[in-house]
Amino acid sequence: VTFDLIVTGGHVIDPDQGIDRQLDVGVRFGRIAALGEGLRDQQGETTPSPLIVNAVGAIVVPGLVDLHAHVYPGVCPLTVSADETSSRSGVTTVISAGDAGAHTIEGFKLLSVNQSRTRVLAFLHISTIGLASFPVGESENLQMLDIDAGERAVERFRDIVVGIKVREGAADVVGDNAGLEPLRRAVELGRRVNLPVMVHITGSPAAAGEILGLLRGGDIVTHCYTSVGTGILEEGRVAADVWSARERGVIFDVGHGAGSFDFGVAEAAVREGLWPDTISTDLHSISARIVPDLPTTMSKMLALEMPLEEVIAAVTIRPAQVIGWQDRIGSLREGRVADIAVLDVSQGDGTLTDSFGQARPMRDVVTVRSTIRGGVPWVGPLPHPGVGIAVIAD
Ligand SMILES: [Zn+2]
């Protein structure tokens, strides 16, 4: 086999395949061509010689999947550029959490999906305006929560829409009278188009059981460790309704953000064994000051003693499964698009802070050595290293 690029000497952790050992990763025409030992020696002399990515001392994992971020600059206030934020962070797939609704998803495809090297997918907001009205609540006017319009938009943009988003916040999101009606409509749309619903719970005055009771297995609670609004705890303990939701297959997502990750809540939850299914940033221009990237969010879960393999799964194959893309991303199986993150994991000696300024000592800290998207390393403003690598991307 002739490789265009070889990631050499690293320790591969691929939870999808149960791989946890030192291996090289060979890439050909933008896809994973082989995992094996000594791939560079096997190849011999070729012209051009393959690009070598040195991963000695590092871990090599599938390109990271951020299940909750905000990436629609130019239309939605507070959003960031997927490429600016992902290239440094090992993230090769970003899922926009409701930036676009039925009226703005076409523009989202043109301005965000098509303009990004990062793979960008979307949870379609149940509100036709998406998050473009911020700071005015997108669900204050129920006429904008149009299930039929949402259904038509999903059918037109199935290639990028992987779920439905709704925010069940306080009056600044849903107004005075709406209650849980936004969530009911989102779930009805999700049922019609057979996609999961992601519900934001930060700021909601509703009890956990009221929200969770409306969710189906596979639907997602984001901001699961929030302390703003009712949250998942009841008198300091994980509410009974939370456990029954998890048994039904409801997904618990971190969605760190600027006001949604409380170390105290997380500690109380994990003490009882309520680990997150997925770890995500809720990255936007305000939260970026607090949660700069996904590796930092992973480091916070490591500080809570979540095992490294579980942390890797929660940013690779688990989010891929949540959106039904487990046969396409989140794995280093042969034949997959070569989205790869090379990460250094080392003992940190500082502290990490949550959304509310509470600090905890670092344990292992994740930093990024290389991000490889479709077989091509991200090397700065010029995206292509120019070594004859063809890119075939899903
Ligand atoms: Zn968000």
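The values are calculated or read from the model by the stated rules, or taken from the named source; none is laboratory data. What you see is a predicted model; the values in this text were computed from it and never measured. Because the Cβ atoms are built from the backbone with ideal geometry, glycine has one as well, and the counts that use them run over all protein chains shown.
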Query raised in the report: On the given criteria, is Thr128 hydroxyl-bearing (Ser, Thr, Tyr), modelled with pLDDT of 95 or more, closer than 25 Å to Ser370 by Cβ and more than 16 Å from the ligand (Cβ to nearest atom)?
Result: no
Requested in this report: Return only the number of the condition from (1) outside any loop (DSSP other than H, G, I, E, B); (2) crowded, with 24+ Cβ neighbours inside 10 Å that Ala100 does not satisfy.
Outcome: (1)
Report task. Using the structure shown, decide if Ala359 is of a type in the set (Gly, Ala, Ser) and under 22 Å from the mean Cα position of the chain (by Cα). Result -> no
Report task. Look at region 263-277 and say how many of its residues are under 19 Å from Ser204 (Cβ atoms) and either among the β-branched types (Val, Ile, Thr) or within 16 Å of the ligand (Cβ to nearest atom) (or both). Result -> 2
Report task. Please determine, by comparing only the residues of region 56-84 that are surrounded by fewer than 24 Cβ atoms within 10 Å (Cβ to Cβ) and among the hydroxyl-bearing types (Ser, Thr, Tyr), which one is farthest from the ligand (Cβ to nearest atom). Result -> Ser81
Requested in this report: Would you check if there is a residue in region 140-150 being free of Cβ contacts under 8 Å to residues at least 60 places away in the same chain, in contact with a helix residue (DSSP H, G or I) (Cβ under 8 Å, 6 or more places away or on another chain) and within 15 Å of the ligand (Cβ to nearest atom)?
Outcome: no
Report summary line: If we keep only residues of region 97-111 that are within 17 Å of Asp282 (Cα to Cα) and out of contact with any helix residue (DSSP H, G or I) (no Cβ under 7 Å at 6 or more places or on another chain), then the residue farthest from the ligand (Cβ to nearest atom) is Gly98
Query raised in the report: Are there any pairs, at least 6 apart or on different chains, whose C-beta atoms fall under 8 Å, with the first in region 33-50 and exposed (fewer than 10 other Cβ atoms within 10 Å of the Cβ) and assigned to a loop (DSSP other than H, G, I, E, B) and the second of a type in the set (Phe, Trp, Tyr) and modelled with pLDDT of 95 or more, and if so, which?
Result: none
Requested in this report: Please indicate, with yes or no, whether at least one residue in region 236-257 is at pLDDT below 95, away from the ligand (no atom under 16 Å from the Cβ) and in contact with an Asp or Glu (Cβ under 8 Å, 6 or more places away or on another chain).
Outcome: no
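Table: residues versus (1) surrounded by 19 or more Cβ atoms within 10 Å (Cβ to Cβ); (2) in a strand (DSSP E or B); (3) out of contact with any His (no Cβ under 9 Å at 6 or more places or on another chain); (4) touching a residue at least 40 places away in the same chain (Cβ under 8 Å).
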| residue | (1), (2), (3), (4) |
| --- | --- |
| Thr230 | yes, no, yes, no |
| Ser244 | no, no, yes, no |
| Gly257 | yes, no, no, yes |
| Phe261 | yes, no, no, yes |
| Val265 | yes, no, yes, yes |
| Ser285 | no, no, no, yes |
| Ser299 | yes, no, yes, yes |
| Glu305 | no, no, yes, yes |
